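See below for the structure under consideration.
Just so it is clear, none of the values below were taken in a lab; they were calculated from the coordinates. Note that the structure is a prediction, hence the values are computed from the model and not measured. Here the Cβ is made from the backbone with ideal geometry for all residues, glycine too, and neighbour counts use every protein chain on show.
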Amino acid sequence: MEKHRTAETLELVGGHLCLDFANTVNTRDEAMRREYLTGYDDLVGWARHAEILTEPEAEALLHSAARHPDLAAAALGRAVALRETIYRIFWAIVEHRDPEGTDLAAMNFVLREASSRLELAPSAGGFVWTWLVEEDELDRVLWPIAGSAANLLTSTELGRVRQCARQGCDWLFVDLSKNQSRRWCSMNMCGSRVKSRRYYRRRKQKG
């Protein structure tokens, strides 16, 4: 399954947009690491998959990236940096540690940029927040992700953030099970792998 995964088909199992974004690499272990954001087109594909972008918005960004490859590469670098900042912040919380001040400062920097692009727009029966962006603004994907991280950090669900228990998987998720016993990012992925390996070892020992 792993080799067939792409940014556009990754399982969205984190429960929050920011955690799904942190999960766009399988592990931080360099020996087993697989990066899914290898180009700006992967970032746009994932954002479309996660419903941050509409199809026309995604197409506009891809056209802009093709016209300005250096700017697109820089935007991808900022996206990966934000992803790793998000991962370190929530990993620290999973480990019952305070996040590093440098990571919080980096998050706040993106949040300030994001908040400057928010505006109210009328909606049926009220108003909604919308993003004031140029159609080809290459960093626009980062703003809702940073907003999601801020919302989770200030929510009652923060204490339910977990990391997958399978060795070789760094994926984060919010455990919404009644007894807070969820161990795997997904039972269909990591849970079934661990169970299969345990079964194989038992059969081999009985062998």
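Worth pointing out:
- Solitary cysteines of the chain, where the nearest other Cys Cβ is not under 4.7 Å: Cys18, Cys190
- Rounded to the nearest 20 debye, the dipole size of segment 1-81 about its Cα centre is 200 debye, using +1 on the Cβ of Lys and Arg and -1 on the Cβ of Asp and Glu.
- In the chain, a dipole from Cβ-located charges (positive for Lys and Arg, negative for Asp and Glu) runs towards its positive end, and of Leu62, Thr156, Val133 it is Thr156 whose Cα lies farthest in that direction.
- In nm, spacing of pseudo-spin labels at Val128 and Arg183 (7 Å Cα→C-beta vector): 4.1
- Charge dipole of segment 2-206 (Cα centre as origin; +1 on each Lys and Arg Cβ, -1 on each Asp and Glu Cβ, all else neutral): 2220 debye, rounded to the nearest 20.
- Summary of packing: across the peptides 37-43, 152-158, 19-25, the per-residue average of other C-beta atoms within 10 Å ranks them, highest first, as 19-25, 37-43, 152-158.
- Segment 2-206, relative contact order in percent, only Cα pairs under 8 angstrom and at least six apart counted: 24
- Which of Leu111, Gly15, Leu43, positive extreme of dipole for segment 1-160 (C-beta unit charges): Gly15
- Virtual paramagnetic centre 7 Å along Cα→Cβ of Leu111, amide N under 16 Å, in segment 118-139: 118
- Loop GluC sites (Glu not before Pro), segment 39-147 (other Cβ atoms within 10 Å of the site Cβ: 11 or fewer; DSSP): Glu51, Glu95, Glu134
- Estimated FRET transfer efficiency (Glu11, Leu158; beta-carbon r; R0 25 Å; 0.05): 0.65
- Net lengthening on full extension, Thr38/Asp175 (0.36 nm per residue, minus Cα-Cα): 46.4 nm
- Trypsin sites (Lys or Arg not before Pro) within segment 101-184, DSSP loop, no more than 12 other Cβ atoms inside 10 Å: Lys178
- Local electrostatic count, Arg162, Cβ distance below 9 Å [Lys/Arg +1, Asp/Glu -1]: +2
- Remark: Trp129, Trp184 ranked as Trp129, Trp184, counting other beta-carbon atoms within 10 Å and listing the fewest first.
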